[in-house]
Amino acid sequence: MTGPEPAEAARLLAAARRPVVFTGAGMSAESGVPTFRDAQTGLWQRYDPQELATPAAFRADPALVWGWYEARRRGVRRALPNPGHRAVAAIQARLPETVVITQNVDDLHERGGVPAPVRLHGSLFAPRCSACARPAPLPSDLPPHDELEPHDELEPHGGPESRGEPEPHDGPLTPPACAGCGAPVRPGVVWFGEALPSAALDAAVEAAAGCDLLLTVGTSALVHPAAEIPLVAARLGAPVVQVNPVPTPLDAICAVNLRGPAGEVLPALVRAAWPDADVG
Ligand code: BV8
Ligand code: ZN
C-alpha cells in the first residue's frame, strides 16, 4: 500500500489505547467464506440470502433454511483464520482494552486469537429451539476440525463446493427437534426483522462511544443497526479507519481509507504501528 494513508493509519493505531475493531464478511473472505455480496453456490444460488435469513423463510421451509445454515457451518469448519484475523488478535494482545465487534456468524475471530468478540448477529455454532429457545447440541455429523480437509487459505470460496462439486449433503435438511418441547431447532443467528441481542448491541454502542479509534474492516455498512456503530464513534470524535478494497457509505466519515484486502492490509498496519509486533 502506497501513499500517506498507511502511515497515518499506523500513527493513529500506535496512539490508540481503547480501539474498536468492527468487522464484516470481508474479514473472512480470504479464508474462503463467501461474503453476503458474493453469489451463492450450488443449490443455494437460486436464493437471495436476505430472503433465506428470515423467520418467514424458516416457517415456510425449515429444512431448506436449516440445510443452508448447515452447509455454511460445514464451510466455516473447513476454513482457517487468515492473517487479518491474527492481526486483530495482535492488536488486542497489545492493547487489552481493544473491543472487537463482529457482524460475522463464523468462529474465525475466536480461532484467530480473539476469545470473546461482541457478536451482533449471533453464531453458526449456537443452535437453539425455535419455540422455547432451549440451547441445542450441534449436530455431530461433522468430524472434528483436524479431520476436515482444510480450506487452502489462498483458495477463496475454497473447498469442493467452489469447484462446483456438490457437497455430500448440500441441500434441505430437516432440523433436529428440541429435546425439551419437540419444536424445530433453529440456527443461533439474528435474522432480518429480528432484534439484535440487547446485551451485544449495548456493549457495541458503549465501546464505540468510548473508543479513541475505530477500525472498520470488510463491511459494506448496509445492514442496520450494525452499520451505525462506526457513526457512533465518529460522532463522538474518534478517528475511523476503513479497510475495504472498494468504497462504502462509510468513506465520508473515515480519517483514512485503506483500499485493500484485510489479510494483507491489517498485518502491514500492525507492523507499521509496532515494528516488534508478532503478527504470526
Ligand atoms: C431489525 C446473520 C427490527 C444471519 C445478518 C434502517 C435502514 C434500512 C433498513 C433497516 C434499518 N433498520 C432495520 C432495517 C432492516 C434490516 C436491514 O438493515 N436491511 C438492509 C439490508 C437494508 N435490519 C434488520 O432486519 C435487523 N433487525 O432491524 O429488527 C426490530 C427491532 C426491534 C424489535 C424487533 C425487530 C437485523 C439485521 C441482521 C440480519 N442478520 N446476519 C446470517 O448471516 O445468515 S446480516 C448479514 O448481512 C451479516 O451479518 C452482515 O451484517 C450483513 C452483510 O454485510 P457485510 O458483513 O458488510 O458483508 P457484505 O457481503 O455486504 O460486504 C462485504 C464487504 O467486504 C464489501 O464491502 C467488500 O468490498 C468487502 N470485502 C470483500 N473482500 C474483502 C473485503 N474487505 C476486506 N478484505 C477483503 N478480502
Ligand atoms: Zn423447545
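The values are calculated or read from the model by the stated rules, or taken from the named source; none is laboratory data. These numbers were taken from a predicted model, which means no experiment stands behind them. A quick note on method: Cβ atoms are made from the backbone with ideal geometry, for glycine too, and the neighbour counts reach across all protein chains shown.
Worth pointing out:
- Restricting the first member to the range 185-209 and to residues that are in contact (Cβ under 8 Å) with a residue 60 or more places away in the chain and over 21 Å from residue 139 (Cβ atoms), and the second to residues that are among the basic types (Lys, Arg) and surrounded by 14 or more Cβ atoms within 10 Å (Cβ to Cβ), the beta-carbon pairs closer than 6 Å and six or more apart or on different chains are 200/119.
- So residue 72, is it surrounded by fewer than 23 Cβ atoms within 10 Å (Cβ to Cβ), within 13 Å of ligand 1 (Cβ to nearest atom) and without any contact (Cβ under 8 Å) to a residue 60 or more places away in the chain: yes
- Scanning the range 193-205 turns up one or more residues that are away from ligand 1 (no atom under 15 Å from the Cβ), outside any loop (DSSP other than H, G, I, E, B) and out of contact with any Asp or Glu (no Cβ under 7 Å at 6 or more places or on another chain).
- Among the candidates 255, 234, residue that is of a type in the set (A, V, I, L, M) and surrounded by 17 or more Cβ atoms within 10 Å (Cβ to Cβ): 234
- Test: residue in the range 184-200 that is within 16 Å of ligand 2 (Cβ to nearest atom) and hydrophobic (A, V, I, L, M, F, W, C): yes
- Complete set of residues in the range 84-142 that are away from ligand 1 (no atom under 13 Å from the Cβ), under 30 Å from residue 59 (Cβ atoms), hydrophobic (A, V, I, L, M, F, W, C) and assigned to a loop (DSSP other than H, G, I, E, B): 131, 132, 133, 136, 138, 142
- Condition broken by residue 257, with the remaining ones in (1) under 18 Å from residue 81 (Cα atoms); (2) in contact with an Asp or Glu (Cβ under 9 Å, 6 or more places away or on another chain) satisfied: (1)
- Residue count for the range 206-231, restricted to those that are buried (at least 16 other Cβ atoms within 10 Å of the Cβ) and part of a helix (DSSP H, G or I): 7
- Among residues that are modelled with pLDDT under 95 and either away from ligand 1 (no atom under 16 Å from the Cβ) or within 18 Å of residue 31 (Cβ to Cβ) (or both), residue 153 is included.
- Residue match in the range 73-83 (condition: outside any helix (DSSP H, G or I) and of a type in the set (S, T, N, Q)): yes
- Hey, residue 116 within 16 Å of ligand 2 (Cβ to nearest atom) and either modelled with pLDDT of 95 or more or under 20 Å from the mean Cα position of the chain (by Cα) (or both) or not: no
- Residue match in the range 243-254 (condition: near ligand 1 (Cβ under 9 Å from one of its atoms) and not in a loop (DSSP other than H, G, I, E, B)): yes
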